[in-house]
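We did not get these values from a lab; they are worked out from the coordinates using the rules stated. These numbers were taken from a predicted model, which means no experiment stands behind them. Neighbour counts are summed over all protein chains in view; Cβ atoms, including those assigned to glycine, are modelled from backbone coordinates with ideal geometry.
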Amino acid sequence: MAERKRKKKKKAAAESRGLAAKQVGALEAPPAVQKVADTIADDGGTVLAVYRDPLGGNWQILAALPLEKVEPTPYQRDLSETHVQRLAQAIDKLDRFLDPVIAVRAADGKYWTPNGYHRLGALRLLGAKSITALVVPEEKVAHRILALNTEKAHNVRERALEVTRLEQGLVELDDRPEKEFALEFEEPALLTLGLCYQQNGRFSGGAYQPILKRIDEFLTAKLSKALEIRRERARQLLALDEVVNAAVAALKAHGFQSPYLKAFVVGRINYLRFKKGKAEFDETIAKLTAAAQKFDAAKIKPGQITASGGAPEE
C-alpha cells in the first residue's frame, strides 16, 4: 500500500498575523511583567525595553544582566570548547555582542538560558561583565525554547543527552504525561538513546536510531513513570549493543577492517526492514538480540560489507 503524501502546510496570507510595528510597545506592561522588570533591577541588571513580541503578542523584556547571574539550563548539551574559542574570536574581532541570549529567571535568583551556553562561555573567556538578554517572564517557556535551539547543529548524541536531561529535570517541575512534551523532546527514540549515552559515552546510538524510530513512541505515563520504562528500554538496548559488539569483534578476528562493521551487523539482524509499520519494543529488541547471538562471522564475504554502506561507527 502506497504511503499517503503529506499535505503541505498552507502558507499564511501576507501580513495577516501578529502585531503591527507600532503596536509592539504601545501598551503598559501588566503587573506580573512589571514585577519581573523590577526584579531584574534588584538583581543588578538594567531593563532596556518592555514590549510584546510581534508574532504572538507575548510580553518580553530586553535587559542587560550581570554575567555572573546567567547560567545555562542543566538540560543542555555539553559545551564545545572549540566552538567557544571560535565564537570568542569572532566577537572579539567585531568588538560587539550582537546576539542576545534568551533568559528566564529561576527560583534561586539566577537567570537560566536555554540557548546561550556557548555565547556565555565566549563572553566569560573575553572577560565581559554583562550580557544582553531577552528575558521571558514565564519559566515554563524555557523548556519549549529548547526545541527551537538553532545555535549549533546537533548530532544524535548531543540531541539525545539534551532531551534526556530535560526529561529528568522536568520530573520535579511538571510531572505530566510524557506525550504532552512531544514538541520539547523532538522524537521518542532520543529519550531512550540519551539514557544509553549517560551510561556509556561511547555508545553508537546512530546505528540503532532507525530501528528505534519504528518501535519507540512517546508514553502516556507521567514523566516519573515514563523514566522508569525508558531506563528498562535503555538496559535492553545496551545489552543488545554488547552482543552486536561481540559480532563486530568476530568480524575483525576474521580480518575485516571497516568503519561500517557495526552498521553492517545491525543491518544484517534488522528483520524490520522487511516489514512495514510500527513494532513492539520489547519483542523487537529480544528478536534482534537473539539474531545477533547467532551471527556467524565465518559466513560473511568482504563484498557484502562494502555493498551494505550505512553510517560508520561513532
Please list 235-241, 92-98 highest first by mean number of surrounding beta-carbon atoms within 10 Å per residue.
235-241, 92-98
Per-residue counts of other Cβ atoms within 10 Å, averaged by peptide: what ranking do you get for 215-221, 250-256, highest first?
215-221, 250-256
Over the stretch 160-282, what is the relative contact order in percent, taking alpha-carbon pairs closer than 8 angstrom and at least six residues apart?
30
Could you order peptides 119-127, 193-201 by the average number of other Cβ atoms within 10 Å of their residues, highest first?
193-201, 119-127
Over the stretch 161-314, with a single point scatterer placed on each C-alpha, what log10 of the ratio I(q)/I(0) does the Debye formula yield at q = 0.12, 0.14, 0.18, 0.21 1/Å?
-0.53, -0.70, -1.04, -1.31
Please work out the FRET efficiency for the pair Asp108 and Phe274, using the Cβ-Cβ distance as r and a Förster radius of 45 Å; give the result to the nearest 0.05.
0.25
Which value, in debye to the nearest 20, gives the size of the charge dipole of the chain about its Cα centre, when Lys and Arg are +1 and Asp and Glu are -1 at the Cβ?
1720
Relative contact order, percent, of the stretch 1-124 when contacts are C-alpha pairs under 8 Å separated by at least 6 residues?
21
Length gained if Thr39 through Val24 is fully extended, taking 0.36 nm per residue and subtracting the Cα-Cα distance, is 3.2 nm
How high is the relative contact order of the chain, given as a whole-number percent (alpha carbon pairs under 8 Å, six or more residues apart)?
13
Determine the calculated [θ] at 222 nm for the chain from helices alone, applying -39500 (n - 2.57) to every DSSP H run no shorter than 4 residues and normalising by the residue count; nearest 500 deg cm²/dmol.
-14500 deg cm²/dmol
Considering only C-alpha atoms, what is the centroid distance from the stretch 155-188 to the stretch 57-115, in Å?
21
Farthest positive-ward along the chain dipole, Cα basis, beta-carbon charges - from Gln293, Leu227, Leu79
Gln293
With Cα extents along the principal axes in Å in mind, check (1) 74, 45, 40; (2) 55, 48, 38; (3) 60, 42, 41 and report the label derived from this structure.
(1)
If the cut-off is a Cα-Cα distance under 12 Å, which aspartates and glutamates reach Lys276, setting aside same-chain residues fewer than 8 apart in sequence?
Glu3
Assuming a ≥ b ≥ c are the square roots of the Cα gyration tensor eigenvalues, decide whether the stretch 213-259 counts as rounded (a/c under 1.5), prolate (otherwise, with a/b larger than b/c) or oblate.
prolate
Could you tell me the largest-minus-smallest coordinate of the C-alpha atoms of the stretch 24-145 on each of the three principal axes, in descending order and whole angstroms?
42, 29, 29
